[in-house]
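The values are calculated or read from the model by the stated rules, or taken from the named source; none is laboratory data. Keep in mind it's a predicted model, so treat the numbers as computed, not measured. All Cβ positions, glycine included, derive from the backbone under ideal geometry; neighbour counts span all protein chains shown.
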């Protein structure tokens, strides 16, 4: 980020570090001005070293544009229509969400410098609610990865421990929130890409029900799995962000026409009588003991709050990763066909005419993991293999979804599991592709089933954040947030992310 | 069903990605390693499974037959790699190499 | 020379017809589906396949597709599924076409050809009708060394109608195509114009020995741009296949392009690249669920189809079946006819004028019947003037010609041009005297008793009066005037 002369007021910096509701209230009352919030955000980015040579959180930032939007908001103050629920709140967007005025690269060379001529529905909703977009965050190329090491623009580092990865693929967004640059960021999920980095960075990460949030403008990876999600400092912040971006969109045929509840009303709902399922498949014998221990503590907290913890089983869980790594690459191989050098993005000419242009553009534009997955996806869809792989995977996916339906039908309100099998690992530590895929072992099933799930910080292992996952039935976000609010309050003081340098 | 070097060549052709000769064998190995884990799925009995097409039932929502479409902030000529007279240009297909040209 | 050879062999034809649906907007986005806009102006994030854009299906496209399927006697499925057909082509923006694959909109229809041609009726099965989107346009010959892409057409809604291999000659294929065109035009589904590209045909053809039950290897002929070209291409390709088989060769399954100028098919040069389309269900679109009651309602609301109309015209207007057939070959002409017949109360006259003058004038002007200057009410008025002897037949044709040029009503044209019948004796006498004076030798021979010259002289008078003279009166007056005023 460019160094800028104007330093934000200490008041704005304090608001940036505090709850969203406070910031929005101050701006509505005129006690704070949006432009100062933008300055505070950029100052904080400088302070924590968000730049390319350190944390490398952003692929692009737009201080001028953000300041301009902030000034327009100020001009709107006092007019008839009230400012929205995110008035003056600086927000960061994962770089696979189409945004006007800033590049949308998906962490890929093939879209280097590409500026979308239209805007994603979620971004329109954010702006309509007064949010100010400060930058586009780093990510694994086309969201394929679990560490943000697969970005064409270099890896992002974890603000908690700079030697470690922030998780992925929404690593930049998780790091931006963890480092206190923004209170709220959007990420995207296909197999855990919001929850896993949230867990690694010690923030809250939410993946909504498939169809709850519009995908229009989210660059597709695995269309039947993709959802936009939010990363926030607290459950409340995340619930506010989630509410703003949720709702049916006529531009997305897969978005659901289901009313959006007021999630933050769950804040004080209490957990008495809630039945929490503890699926045994998510607590295998080999689970990292530090993670197992923190999860048990969380479950104890639930019991103390008056909830019942029940042992349950989701028998097809172990097939999630194989199913996921067939379906997601298959869909990706088709979704990424549009990056052909014809209408936008990178074009590499070759002596071999049009076909040469296709092949060279895509060879140079895609990194090794994207290439690997496109080839894998093409293979599993190709003649002779479709039934054995793609069709089989869809059938097993149906069984995985049925597991969730069965367990929720049995009287369980939400499930509680670890978010990840390990805490954040060091950069370069995981070299084998499949070993990296196993980072999604506890998260991919929710994407396959389409159910909502979120990660909440529940503790730490020698300073490394650990997340607990809450999974709810389809369109059961309210009960999911209720369980999350309760857990957050019960565990308050045990681990506050970013506190060490806030 | 092991992935061969020839399979990688075929699939790369379908996906239109140029693969360096020297990468073919290692890619075949990598794909085999990944697909090896996928073979787990054969253990699952799915004979009676009715695959749901797409998530969320209730069918597809349709739109009315009128515009305008979602707009473009700038015309294709501003983001396409090469354009002329509003057309997007690409190298001519090999199959049309012999096509006559109109006077420019 | 081929006749003998081909007698031993039988042609087997199946057709794939792509028809553009008559919607205002595209299949999956709200861009205008109109032709003729400057390149790449009817485009949006969806049909340009910009990163992140998603398809939303056009309700009216579904309705028209269902209407077509019902008109073709198909069973419309309450659930059908869109699929992606994956291949790279520069005018296919997404790198896949949204189509339908193993769960199409409708299946198992049929239609009967041969009735119109007075031949043995042949029932042709319709395998399936499915919805899909069109690609853009690649222009290869506009600029040096490059292909120019226009995506205005990308995403326009189509149906593909796949027939069973039930046709046995190029003539049957032609009859099938004409009937499909007629039915879809009546149903209001499409403009069905091969010239404008709203109807496109791929023909699958194979040859087998007569009596054989197994189908031969087929080839697919593309690039055919008229119905007669389809027939010629089939004959040419059949001849080629038979020659191959007779010489002990085998037909290889491939795509052939029709070269109209040379009158021959040749193998497509496009590499067949194993054609592995990797179909899979389109995850951006949930299954298309259609309510049985809605399907039934669409069926009930289909406008009258040609078969029904033919029968009704014979019953209602007492015209002959061949006339009814001619009239119903186009929905527009039969509607025009009905309007004229009702207003003039002269169905016979209406048939003759609509199939004669109107049809010729519309063709000559190269316009759509809707845009034709002479409206049915005006033509009916002209027919009434004829019947009431206000104008002569010759004059009526002249009046019609002026109506075509000016769009004015016939009464006005007749008045302006002085084409109403003149039966005023003095005017007629003047014209007759002039003719006799200008043709002294004929006049002399006539006076001398050569009465067969009467017709010639009457004709000259008619000509002089520009058709307005009442010929009956001229015939009466001529002998009297020839005798002279003396």
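The rows are residues; the columns are (1) assigned to a helix (DSSP H, G or I); (2) surrounded by fewer than 24 Cβ atoms within 10 Å (Cβ to Cβ); (3) touching a helix residue (DSSP H, G or I) at 6+ places or on another chain (Cβ under 9 Å).
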| residue | (1), (2), (3) |
| --- | --- |
| A:83 | no, yes, yes |
| A:101 | no, yes, yes |
| A:105 | no, no, yes |
| A:110 | yes, no, yes |
| A:113 | no, yes, no |
| A:122 | yes, no, yes |
| A:126 | yes, no, yes |
| A:136 | no, no, yes |
With buried (at least 19 other Cβ atoms within 10 Å of the Cβ), within 14 Å of another protein chain (Cβ to nearest Cβ) and at pLDDT 85 or above as the only criterion, which of C:276, C:284 stands out? C:284
From the residues in region B:13-44 that are facing chain A (nearest Cβ under 7 Å) and under 15 Å from residue A:385 (Cβ atoms), which one is farthest from the chain's Cα centre (by Cα)? B:41
Which residues, counting only those in region C:54-69, are at the interface with chain B (Cβ under 7 Å from one of its Cβ atoms) and more than 11 Å from residue C:105 (Cβ to Cβ)? C:56, C:57, C:58, C:59, C:60
Can you spot a residue in region C:407-416 that is surrounded by 13 or more Cβ atoms within 10 Å (Cβ to Cβ) and either under 24 Å from the mean Cα position of the chain (by Cα) or touching a residue at least 40 places away in the same chain (Cβ under 8 Å) (or both)? no
Taking the conditions exactly as written (surrounded by 14 or more Cβ atoms within 10 Å (Cβ to Cβ), on the phi < 0 side of the Ramachandran plot, in the same structural domain as residue C:383 (by TED's automatic domain parsing) and part of a helix (DSSP H, G or I)), does residue C:454 satisfy them or not? no
Looking at A:438, A:376, A:448, can you tell me which residue is free of Cβ contacts under 8 Å to residues at least 60 places away in the same chain and not assigned by TED's automatic domain parsing to the domain that holds residue A:109? A:376
Would you check which residues across region A:402-438 are surrounded by 19 or more Cβ atoms within 10 Å (Cβ to Cβ), within 14 Å of chain B (Cβ to nearest Cβ) and at pLDDT 95 or above and list them? A:403, A:404
Looking at A:193, A:188, which is the one that is under 14 Å from residue A:148 (Cβ atoms), under 14 Å from the mean Cα position of the chain (by Cα), surrounded by 24 or more Cβ atoms within 10 Å (Cβ to Cβ) and within 14 Å of chain C (Cβ to nearest Cβ)? A:188
Note: among B:104, B:69, just one is at the interface with chain C (Cβ under 8 Å from one of its Cβ atoms), out of contact with any helix residue (DSSP H, G or I) (no Cβ under 7 Å at 6 or more places or on another chain), at pLDDT 85 or above and in a loop (DSSP other than H, G, I, E, B), namely B:69
What pairs can you find where one residue is in region C:10-34 and free of Cβ contacts under 8 Å to residues at least 24 places away in the same chain, the other is buried (at least 23 other Cβ atoms within 10 Å of the Cβ), and their Cβ atoms are less than 6 Å apart, with a gap of 6+ or different chains? C:32/C:42
Taking residue A:156 as meeting all but one of (1) closer than 22 Å to residue A:43 by Cα; (2) outside any loop (DSSP other than H, G, I, E, B); (3) within 16 Å of the chain's Cα centre (by Cα), write down the number of the exception. (2)
Looking only at residues in region A:328-354 that are without any contact (Cβ under 8 Å) to a residue 12 or more places away in the chain and more than 24 Å from residue A:385 (Cβ to Cβ), which one is surrounded by the most Cβ atoms within 10 Å (Cβ to Cβ)? A:342
Residue satisfying condition, being under 22 Å from residue C:15 (Cβ atoms), at pLDDT 95 or above and surrounded by fewer than 17 Cβ atoms within 10 Å (Cβ to Cβ), within set C:108, C:85, C:119: C:108
Return a yes/no flag: does region C:207-218 have any residue that is within 21 Å of the chain's Cα centre (by Cα) and more than 14 Å from chain B (Cβ to nearest Cβ). no
Given the structure, is residue A:285 in the same structural domain as residue A:188 (by TED's automatic domain parsing) and either surrounded by fewer than 24 Cβ atoms within 10 Å (Cβ to Cβ) or part of a helix (DSSP H, G or I) (or both)? no
Which count do you get for residues in region A:355-370 that are closer than 20 Å to residue C:89 by Cα and surrounded by 20 or more Cβ atoms within 10 Å (Cβ to Cβ)? 8
For region C:176-200, the count of residues that are at pLDDT below 90 and more than 12 Å from residue C:225 (Cα to Cα) equals 2
Do we find that residue B:76 is in contact (Cβ under 8 Å) with a residue 12 or more places away in the chain, surrounded by 14 or more Cβ atoms within 10 Å (Cβ to Cβ) and within 8 Å of chain C (Cβ to nearest Cβ) in this structure? yes
Reported set for region C:73-127 where residues are touching a helix residue (DSSP H, G or I) at 6+ places or on another chain (Cβ under 9 Å), in a strand (DSSP E or B) and away from chain A (no Cβ under 14 Å) is C:75, C:76, C:106, C:107, C:109, C:111, C:112, C:113, C:122, C:124, C:126
Looking at this structure, is residue A:314 crowded, with 21+ Cβ neighbours inside 10 Å, more than 11 Å from chain C (Cβ to nearest Cβ), in a loop (DSSP other than H, G, I, E, B) and in contact (Cβ under 8 Å) with a residue 24 or more places away in the chain? yes
If you go through C:367, C:340, C:354, C:358, the only one that is surrounded by fewer than 14 Cβ atoms within 10 Å (Cβ to Cβ), without any contact (Cβ under 8 Å) to a residue 60 or more places away in the chain and within 30 Å of residue C:68 (Cβ to Cβ) is C:367
Do we find that residue A:325 is crowded, with 24+ Cβ neighbours inside 10 Å, within 11 Å of chain C (Cβ to nearest Cβ) and either under 30 Å from residue B:77 (Cα atoms) or touching a residue at least 40 places away in the same chain (Cβ under 8 Å) (or both) in this structure? no
Looking at (1) touching a strand residue (DSSP E or B) at 6+ places or on another chain (Cβ under 6 Å); (2) buried (at least 24 other Cβ atoms within 10 Å of the Cβ); (3) part of a helix (DSSP H, G or I), which is the only condition residue A:290 fails? (2)
Going residue by residue through region B:75-84, is there one that turns out to be under 29 Å from residue A:354 (Cβ atoms), within 28 Å of the chain's Cα centre (by Cα), at pLDDT 95 or above and in a strand (DSSP E or B)? yes
Residue A:336 within 14 Å of chain C (Cβ to nearest Cβ) and more than 16 Å from residue A:220 (Cβ to Cβ): no
